[in-house]
Amino acid sequence: MSFGTAFRKEWLEQLRSYRLLVTAVVLTLFGLLSPLIARYTPDIIRMALPQGEEILKLIPPPSAADSVAQYLKNITQFGVLLALLMAMGLVAQEKDKGTAALMLSKPIGRPVFLLAKFASLALTFTLSIALAGAAGYYYTLVLFGAMDLGAWLGLNVMVLVFLLVYVSLTLLCSTLTKSQVLAGGLATGVWMALSLMGALPGLGDYSPRQVIGWATALGTGMAQTYWPALGVSLALIVGGLAGACAIFNRQEL
Amino acid sequence: MIAVRIEGLRKSFGRVKALDGLSLAVEAGSVFGFLGPNGAGKTTAIRILTGLARAHGGQAWLDGIDVTARGGRRAAALTGYLPQDPAFYPWMTAAEMLDYVGRVFGLTAGERRSRTAELLKLAGLEEAARRRIGGFSGGMKQRLGIAQALVNRPAILMLDEPVSSLDPFGRKELLELIDGLRGRCTVFMSTHILADVERVCDTVGIIDRGRLVVQSPKKELLEKYAAPVFEAAADRGQEAALGAWAEGLKKKPPSWLDAVALTDELTVRVLVRDLEAAKRELPELLVRSSLIFTRYEMVRPSLEDVFLKLVKPGGH
């Protein structure tokens with residue numbers, strides 16, 4: 001069977017199981033809200049707190065950089081959560097229910113079966129981030145003025161790479177077990193381990209988290225790059241998929 | 001020509017030997033009944049043949065392709081498989097599922113359209129073609145399972161307990177369908193429902209504790225192994241007493257007795273190894289039982305009698 005056939009089925013599942021809709025709505029919502037939160041947080045503080053005016057004297061006025069920071073914080077936090085939720089059952093559930101056994105008794109290569117799942121979820125996140133990015137850019141433009149479009153595109157590519165690390169690693173976890181809850185638990189453990197790695201001196205520059213550091217630099221006009229982090233992230237995506245394929249090839253269904 | 005060949009197949013789950021040197025050969029175009037008690041190793045053998053599990057020893061070929069080596073995908077292209085509990089994507093419709101399976105086998109758009117329509121009709125699912133499978137009953141899923149197994153016009157059709165969740169009508173239709181495939185495709189059907197095997201299979205293999213006990217054309221098997229059988233039916237209200245009598249006979253078997261089994265609460269079948277001795281002594285035993293019998297006769301042996309004779313109770 002061709003990759004196209006497997007991908008077509010997976011993409012249809014993304015649509016029918018509302019994975020695309022939920023991911024797109026949640027991320028687009030944060031794309032819209034982030035510039036608004038950045039812009040109106042001072043007003044909220046002024047109205048909500050008795051010493052609001054005093055506090056605001058200590059905080060610089062909101063700028064496009066705040067909008068970018070807010071966008072990146074929200075998109076990555078909820079994006080990782082969505083990556084875990086959407087990918088944890090991709091293989092585990094099919095093994096548990098028996099659909100994997102039914103389909104893999106036919107001439108379908110197991111790597112094709114897995115890679116089509118990754119590709120469809122990667123497309124879901126690509127489209128969702130594109131929508132969120134467009135929404136975030138438009139509101140930032142309206143509320144704070146124009147940003148460098150190239151930098152904004154680069155920033156969103158970094159966000160996508162960062163989220164695909166978790167899609168790939170969660171797919172690996174989902175391949176390891178028949179229980180999607182256990183797969184989710186394992187993936188959460190991986191998420192925590194990578195987050196801790198980012199806080200360790202010396203290792204931080206290699207953490208996928210630093211890809212978001214690069215995204216922040218792009219969004220705020222700084223010339224900082226984090227090539228090791230990008231390299232490690234790409235290696236984790238490829239390694240996660242290769243590991244999942246190798247393990248799945250040896251599994252009995 | 002041999003369609004399915006298994007030689008010395010071994011598979012263990014921890015200490016349990018699911019397959020312990022299973023060997024058999026199935027002629028192309030035949031309907032092969034793969035019989036055995038629960039846990040005998042039938043499903044494990046089928047999972048190895050379909051490439052879903054790996055053997056720990058031995059070899060197996062489908063149409064000459066070694067499925068225990070690297071030929072799994074080539075063999076899968078000419079095989080149809082219905083698992084014991086077929087599972088589908090609940091968000092797909094029946095027509096979409098068959099179309100998807102057609103795509104997997106590389107059928108053209110036109111072939112897929114006509115094959116889908118043909119198989120939906122065959123499975124009696126025409127009206128449910130556009131309904132999502134998530135809302136299907138167990139029997140409908142089983143019928144869809146048969147349909148998806150036939151999409152590629154398989155040379156070998158592997159059916160694992162195919163009638164397990166069908167009602168009597170569905171069961172009759174499926175057995176007729178299998179019967180109609182004779183000569184066109186090799187059917188390898190695992191089951192423990194002996195009546196179904198007796199009805200459609202022309203060759204039978206009996207497996208117990210991972211080993212082949214016997215394999216033979218059904219007719220020869222019945223002639224060779226089925227010992228004479230006596231059947232006695234007790235009058236109503238004597239269910240418990242008849243059961244107790246049969247148990248007593250099992251505990252203290254006369255020298256001519258081979259096996260004794262209740263076919264229903266009021267009917268007992270007695271398999272014998274010495275016909276003349278049984279003819280003399282069995283009526284006396286029945287009379288001494290103080291039970292009231294409404295019928296006593298010597299009957300044609302069935303596959304069930306052969307099974308009871310060859311397979312010892314208490315599998316894995």
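Please determine whether any residue of the range B:24-31 is under 26 Å from A:Gln251 (Cβ atoms) and buried (at least 21 other Cβ atoms within 10 Å of the Cβ). The answer is no, given that none of the residues of the range B:24-31 is under 26 Å from A:Gln251 (Cβ atoms) and buried (at least 21 other Cβ atoms within 10 Å of the Cβ). Screening A:Met192 with (1) without any contact (Cβ under 8 Å) to a residue 40 or more places away in the chain; (2) touching a helix residue (DSSP H, G or I) at 6+ places or on another chain (Cβ under 9 Å); (3) part of a helix (DSSP H, G or I) gives one miss only, at (2).
Scanning the range B:1-29 for residues that are more than 21 Å from the chain's Cα centre (by Cα) and not in a strand (DSSP E or B) yields B:Met1, B:Gly14, B:Arg15.
Taking each residue of the range A:1-16 that is free of Cβ contacts under 8 Å to residues at least 12 places away in the same chain and looking for partners that are aromatic (Phe, Trp, Tyr) with beta-carbon atoms closer than 7 Å, six or more apart or interchain, yields A:Arg16/B:Trp91. Being assigned to a loop (DSSP other than H, G, I, E, B) and more than 9 Å from chain A (Cβ to nearest Cβ) is the filter; apply it to the range B:42-58 and report the residue that is farthest from A:Gly98 (Cα to Cα). Looking at the filtered set, the residue picked out is B:His56.
Scanning the range B:177-203 for residues that are of a type in the set (Val, Ile, Thr), over 17 Å from B:Ala28 (Cβ atoms) and in a strand (DSSP E or B) yields a single hit, B:Thr191. Of the set (1) surrounded by fewer than 22 Cβ atoms within 10 Å (Cβ to Cβ); (2) within 23 Å of B:Cys185 (Cα to Cα); (3) within 11 Å of another protein chain (Cβ to nearest Cβ); (4) at pLDDT 95 or above, all apply to B:Gln148 but (1). Per the listing B:Glu126, B:Glu118, the residue uniquely under 21 Å from B:Thr79 (Cβ atoms) and out of contact with any strand residue (DSSP E or B) (no Cβ under 7 Å at 6 or more places or on another chain) is B:Glu118.
Is one or more of the residues making up the range B:78-85 within 9 Å of chain A (Cβ to nearest Cβ), acidic (Asp, Glu) and farther than 26 Å from A:Ser2 by Cβ? Yes, the range B:78-85 contains at least one residue that is within 9 Å of chain A (Cβ to nearest Cβ), acidic (Asp, Glu) and farther than 26 Å from A:Ser2 by Cβ.
Looking across the range A:17-28, the residues that are touching a residue at least 24 places away in the same chain (Cβ under 8 Å) and either in contact with a Phe, Trp or Tyr (Cβ under 9 Å, 6 or more places away or on another chain) or not hydrophobic (A, V, I, L, M, F, W, C) (or both) come down to A:Arg19, A:Leu20, A:Thr23, A:Val26, A:Leu27, A:Thr28. Counting only residues that are out of contact with any strand residue (DSSP E or B) (no Cβ under 8 Å at 6 or more places or on another chain) and in contact (Cβ under 8 Å) with a residue 24 or more places away in the chain, the range B:241-276 holds 3 of them. When the range B:59-83 is limited to residues that are of a type in the set (A, V, I, L, M, F, W, C) and part of a helix (DSSP H, G or I), the one that is surrounded by the fewest Cβ atoms within 10 Å (Cβ to Cβ) turns out to be B:Ala75.
Filtering the range B:59-77 to residues that are over 29 Å from B:Arg131 (Cα atoms) and facing chain A (nearest Cβ under 10 Å) leaves B:Gly72, B:Arg73, B:Arg74, B:Ala75. Residue-level analysis places B:Thr116 outside the set of residues that are among the β-branched types (Val, Ile, Thr), closer than 30 Å to B:Leu24 by Cβ and either assigned to a helix (DSSP H, G or I) or within 14 Å of another protein chain (Cβ to nearest Cβ) (or both).
Search the range B:145-183 for residues being small (Gly, Ala, Ser) and over 22 Å from B:Met92 (Cβ atoms), and hand back the single one that is nearest to the chain's Cα centre (by Cα). Looking at the filtered set, the residue picked out is B:Ser164. Looking only at the range B:86-113, residues that are assigned to a helix (DSSP H, G or I) and either more than 9 Å from chain A (Cβ to nearest Cβ) or in contact with a Phe, Trp or Tyr (Cβ under 7 Å, 6 or more places away or on another chain) (or both) come to 11 in all. Looking across the range A:1-56 at every residue that is part of a loop (DSSP other than H, G, I, E, B) and within 14 Å of another protein chain (Cβ to nearest Cβ), the one that is farthest from A:Asn156 (Cα to Cα) is identified as A:Met1. The listed residues are A:Ser179, A:Ser168, and the only one of them that is more than 18 Å from A:Ala242 (Cβ to Cβ) and buried (at least 17 other Cβ atoms within 10 Å of the Cβ) turns out to be A:Ser179.
The values are calculated or read from the model by the stated rules, or taken from the named source; none is laboratory data. Bear in mind that the values here come from a model prediction, so they are computed numbers and not experimental data. We place every Cβ from the backbone using ideal geometry, glycine too, and count neighbours over all the protein chains shown.
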